[in-house]
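The values are calculated or read from the model by the stated rules, or taken from the named source; none is laboratory data. Note that the structure is a prediction, hence the values are computed from the model and not measured. Quick reminder, even Gly has a Cβ in these numbers, built from the backbone with ideal geometry, and neighbours come from all protein chains shown. Ligands, DNA and RNA are stripped out before the accessible areas are found, and what is left, the full protein with its side chains, is counted by its heavy atoms. Shrake-Rupley method; radii C 1.70, N 1.55, O 1.52, S 1.80 Å.
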Amino acid sequence: MRYATVEKTGGGLRPVNIDREGPTGIITTSTRRVEPELETRLLTLQVADTADVTRAIMAADAARRNGHAPESPDLEPWHAFNTGLLTKAVTT
């Protein structure tokens, strides 16, 4: 995957191309629902936009920044899931 972005340097902002070998993933946000056809190609997560949720997110972020991060999750099941996706034959 190749994408163009802007990098902040001591001399100011400069354009840069970033290349990543696949498989790749992307995390993005939106204020609207993803189109139904696109959603068949993504894992989506809906987060409630309430004051309580925002407060909880900010408190968790503050705790991490103050050295009280929770234990890292076991990512092995997620890696195994993704590896399984890569090994499946697809017929159209």
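Odds and ends about this structure:
- Restricting attention to region 19-41 and to residues that are assigned to a helix (DSSP H, G or I) and within 18 Å of L85 (Cβ to Cβ), the residue that is least open to solvent (accessible area, probe 1.4 Å) turns out to be E39.
- Test: T9 is open to solvent by 90 Å² or more (accessible area, probe 1.4 Å), out of contact with any strand residue (DSSP E or B) (no Cβ under 9 Å at 6 or more places or on another chain), farther than 23 Å from N82 by Cα and among the hydroxyl-bearing types (S, T, Y): no
- Scanning region 4-13 for residues that are modelled with pLDDT under 85 and in contact with a Leu (Cβ under 7 Å, 6 or more places away or on another chain) turns up nothing.
- V16 open to solvent by less than 90 Å² (accessible area, probe 1.4 Å), in a strand (DSSP E or B), out of contact with any Cys (no Cβ under 7 Å at 6 or more places or on another chain) and at pLDDT 80 or above: yes
- Verdict on R55 being open to solvent by 100 Å² or more (accessible area, probe 1.4 Å), modelled with pLDDT under 95 and basic (K, R): no
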